[in-house]
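Asker: Before anything else, here's the structure in question.
FYI, it's all coordinate maths here, none of it is from the lab. Predicted, not measured: the structure shown is a model, and the values here were computed from it. Glycine gets a Cβ as well: all are built from the backbone with ideal geometry, and neighbour counts include every protein chain shown.
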Amino acid sequence: MESILDIWYYQPLILIVIWVLISLGKNKFSRFFPKKILAVDIMTVFMFIGIYFLTLDKSGNSIIPYILLGMAVWGFFMTLVDVFIKGELIYSTFFLRYWRCVDLVVIVIYCGLLVLKITGQI
């Protein structure tokens, strides 16, 4: 029996509901949310879960470890560029810029996998 997350057309609906809840919660309880955090920053975690279920095969493998490895390598290179070119590493700007890059990559991967799932390629 398939769970609700295994069925591809429920995943975007769940993400939209979570997006609306986060946006309403951020507007309602704005003093608890930092100003620099956007709804997409929180949605990345839920998109990782969606990527896991979209790429899960019969043996239980997924591409999540490869995405995490790529993000770790990307963070390492971003650190080296900051240190050697700018001469300093400011953690707050580095983590914000790194997480926004992760947001973009995860959105592109999720949308690409969703299109592949719809067309029956995976």
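Asker: Answer with one residue from I42, I109, Q11: the one whose Cα lies farthest towards the positive end of the charge dipole of the chain, charges on Cβ with Lys, Arg +1 and Asp, Glu -1.
Answerer: Projecting each Cα onto the dipole axis, the largest value belongs to I42.
Asker: Using the crude model of +1 on Lys and Arg Cβ and -1 on Asp and Glu Cβ, and no other charge, please compute the dipole size for region 10-119 relative to its Cα centre, in debye to 20. It would help to have the intermediate numbers written out before the result.
Answerer: Values: 10 positive and 5 negative charges, 80 e Å.
Using only the charged Cβ atoms, the result is roughly 380 debye.
Asker: Under a straight-distance cross-link criterion of Cα-Cα below 16 Å, which lysines are reachable from K58, leaving out those fewer than 8 residues away in the same chain?
Answerer: K117
Asker: With an 8 Å cut-off on Cα pairs and a minimum separation of 6 or more residues, tell me the relative contact order of region 10-119 in percent. Please report the intermediate quantities before stating the final value.
Answerer: Values: 52 pairs, mean separation 32.8, N = 110.
Contact order relative to length: 30 percent.
Asker: Springs between alpha-carbon atoms under 10 Å, Gaussian network over the chain: tell me which of F29, F95, F77 tops the mean-square fluctuations.
Answerer: Maximum fluctuation in the GNM of the chain, among the listed residues, is at F29.
Asker: For a protection proxy built on the mean count of beta-carbon atoms within 10 angstrom, sort 98-110, 8-20 highest first, please. Show your work: numbers first, answer last.
Answerer: Values: 98-110: 16.2, 8-20: 13.8.
Those peptides, ordered most packed to least, come out 98-110, 8-20.
Asker: Lys and Arg at +1, Asp and Glu at -1: add these up for the other residues within a Cβ distance under 15 Å of D82 and post the number. Don't skip to the answer; put the middle values down first.
Answerer: Working: positive: K86, R97, R100; negative: E88.
My count for the surroundings of D82 gives +2.
Asker: What area, in nm² and to one decimal, does the C-alpha convex hull of the chain cast on average over all directions? The partial results should precede the final answer.
Answerer: Values: hull surface 37.2 nm².
Taking a quarter of the hull surface, the average projection is 9.3 nm².
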